[in-house]
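The values are calculated or read from the model by the stated rules, or taken from the named source; none is laboratory data. This one's a predicted model, so the numbers in the text were calculated from it and none came from an experiment. FYI the Cβ positions are ideal-geometry reconstructions off the backbone, even for glycines, and counts take in every protein chain you see. SASA here: full protein model, heavy atoms, side chains in, ligands and nucleic acids out. Shrake-Rupley method; radii C 1.70, N 1.55, O 1.52, S 1.80 Å.
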Amino acid sequence: MTSMYPGFFISFEGIDGAGKSTHLESFQRLMQERYPDREVVMTREPGGTPLGEQLRALLLDAPMNLETEALLMFAARREHIAQVIEPALKAGKIVISDRFTDASFAYQGGGRGLSLDKLNQLERWVQGGANGLLLQPNLTILFDLPGEIAEARRSKARAPDKFEKMDLNFFEKVRQEYLRRAKEDPSRFHLVDATKTPDLIWNELSHLKFKI
Ligand SMILES: Nc1ncnc2c1ncn2[C@@H]1O[C@H](COP(=O)(O)OP(=O)(O)O)[C@@H](O)[C@H]1O
Ligand SMILES: Cc1cn([C@H]2C[C@H](O)[C@@H](COP(=O)(O)OP(=O)(O)O)O2)c(=O)[nH]c1=O
């Protein structure tokens, strides 16, 4: 599943306010220092391409039917994979994405209740290769935090977008789906206890061992 390409694919995940943005840039720098002969590409979802960024603006603002939302997330992802992720991985680059498909399972599935069956179909459609394998991150760093703490952190930090306006119950469901996915695929996930201080979390991230 993981070694379809010579590159290495890392995603950052977690509920809004869990603390992933706080560490993304330093993590990119760390990877670049550790692998000086590899290009490190930083990207995000929804987004990552001009079309994807236009879809992001809609997705984060406009209320919409659940299936529409899932289809647009995966449409942006298809473009992202075709234009950015796959070419970079084929060229041996390290790709770091601020969110990927786990977020669709967590938000549209866990949070809003889209069936696992539909999500699995979309995933296969958008990430399935000719060889039958699914394109997945090699490593997913999941910032895990109770919904209440994330909500308190968010309200201090910024004005909420469409998803960030959702209630605690929504974020608890999102969190549980992330945890379920992590349990299902423990070799891909690294779980971060995001209640820890930023210093402790950074210490953990900078000592993570993985083979590129
Ligand atoms: N480990 C932490 N402990 C306490 N506050 C944190 C921690 N990590 C981030 N924060 C603060 O919480 C808020 C949300 O963090 P952010 O990194 O933007 O989260 P995310 O990108 O996951 O939504 C910010 O104000 C940030 O400074
Ligand atoms: C990738 C993805 C994101 N999302 C949501 C999660 C976030 O609330 C939002 C954007 O994520 P994010 O980039 O983390 O927002 P911010 O810039 O505020 O930190 O989109 C989904 O609902 N489904 C998805 O498939």
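Assorted remarks:
- Put simply, of 161, 102 the only residue that is open to solvent by 30 Å² or more (accessible area, probe 1.4 Å), touching a residue at least 60 places away in the same chain (Cβ under 8 Å), within 16 Å of ligand 2 (Cβ to nearest atom) and within 22 Å of residue 48 (Cα to Cα) is 161.
- Cβ-Cβ under 6 Å pairs, at least 6 apart or on other chains, region 197-209 side open to solvent by 70 Å² or more (accessible area, probe 1.4 Å), far side β-branched (Val, Ile, Thr) and modelled with pLDDT of 95 or more: 198/22
- Hits in region 82-99 (condition: β-branched (Val, Ile, Thr) and buried (at least 22 other Cβ atoms within 10 Å of the Cβ)): 85, 94, 95, 96
- Number of residues in region 20-39 that are open to solvent by 20 Å² or more (accessible area, probe 1.4 Å) and either touching a Ser or Thr at 6+ places or on another chain (Cβ under 9 Å) or on the phi > 0 side of the Ramachandran plot (or both) equals 2.
- Tally, over region 44-58, of residues that are outside any loop (DSSP other than H, G, I, E, B) and within 16 Å of ligand 1 (Cβ to nearest atom): 2
- Pairing residues of region 105-133 that are more than 18 Å from residue 13 (Cα to Cα) with residues that are part of a helix (DSSP H, G or I), at Cβ distances under 6 Å and at least 6 apart in sequence or on separate chains, gives 114/66; 114/70; 114/108; 122/74; 126/74; 126/77; 126/78.
- For region 134-212, the helices (runs of 4 or more DSSP H) that sit wholly inside it and include 1 or more residues that are under 15 Å from residue 110 (Cβ atoms) and within 13 Å of ligand 1 (Cβ to nearest atom) are 147-157, 168-184.
- Boolean, residue 42 is in contact (Cβ under 8 Å) with a residue 40 or more places away in the chain and either touching a helix residue (DSSP H, G or I) at 6+ places or on another chain (Cβ under 6 Å) or open to solvent by 40 Å² or more (accessible area, probe 1.4 Å) (or both): yes
- So residue 144, is it in contact with a strand residue (DSSP E or B) (Cβ under 7 Å, 6 or more places away or on another chain) and more than 30 Å from residue 86 (Cβ to Cβ): no
- Checking each residue in region 38-86 for being near ligand 2 (Cβ under 10 Å from one of its atoms) and closer than 16 Å to residue 105 by Cα picks out 45, 46, 59, 69, 70, 72, 73, 74, 76, 77.
- Region 45-70: number of residues that are open to solvent by 60 Å² or more (accessible area, probe 1.4 Å), touching a residue at least 24 places away in the same chain (Cβ under 8 Å) and under 20 Å from residue 13 (Cα atoms): 0
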